[in-house]
Amino acid sequence: MCNFAISFLIFYVYHILKRKIADWEIKQAIANGEVIEDYPHDKYGSSCLVHGMTVEERYLHVLCSYPPNVKVITAYEPDPDEWINYKVRK
């Protein structure tokens with residue numbers, strides 16, 4: 001279970017919905033994921049790229065701020081042609 005607050009940057013909600021990613025999938029990916037890239041000076045504030053998997057075994061990348069008040073910037077399914085084991089950029 002996810003024990004942190006989560007909100008979405010409104011500009012990116014359209015992109016997340018277009019990709020058919022549900023909010024509960026994003027929460028699962030963050031809660032069960034690991035930080036694979038860190039962006040301490042991002043324009044939205046300190047953020048990171050999280051690689052996680054849902055209970056349905058869907059791999060997701062979530063760009064977000066750090067807990068406890070997580071702001072989701074965007075989320076997507078990583079392209080295996082661009083990532084090694086979905087964690088390292090090729």
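Scan the range 50-90 for residues that are aliphatic (A, V, I, L, M), farther than 19 Å from LYS20 by Cα and touching a strand residue (DSSP E or B) at 6+ places or on another chain (Cβ under 8 Å) and jot them down.
Let us first name the residues in the range 50-90 that are aliphatic (A, V, I, L, M), namely 50, 53, 55, 60, 62-63, 70, 72-73, 75, 84, 88.
Next cut, farther than 19 Å from LYS20 by Cα only: 70, 84, 88.
Across the range 50-90, the qualifying residues are VAL70, VAL88.
Regarding ILE21, is this residue touching a residue at least 40 places away in the same chain (Cβ under 8 Å), β-branched (Val, Ile, Thr) and touching a Cys at 6+ places or on another chain (Cβ under 9 Å)? No; evaluated as a whole, the condition is false for this residue. Within the range 18-51, the only residue that satisfies the criterion of being basic (Lys, Arg), under 14 Å from VAL72 (Cα atoms) and loosely packed, with under 15 Cβ neighbours inside 10 Å is LYS43.
Taken over the range 7-18, the residue count meeting the criterion of being touching a residue at least 12 places away in the same chain (Cβ under 8 Å) and either part of a helix (DSSP H, G or I) or out of contact with any strand residue (DSSP E or B) (no Cβ under 6 Å at 6 or more places or on another chain) (or both) is 3.
Answer with yes or no whether PHE8 is in contact with a Pro (Cβ under 6 Å, 6 or more places away or on another chain) and not hydroxyl-bearing (Ser, Thr, Tyr). For PHE8, the condition - in contact with a Pro (Cβ under 6 Å, 6 or more places away or on another chain) and not hydroxyl-bearing (Ser, Thr, Tyr) - is not met.
No lab work stands behind these numbers, since they all come straight from the coordinates. Just so you know, these numbers come straight off a predicted model, no measurement behind them. So basically every Cβ, Gly included, is an ideal-geometry build from the backbone, and we count neighbours across all protein chains shown.
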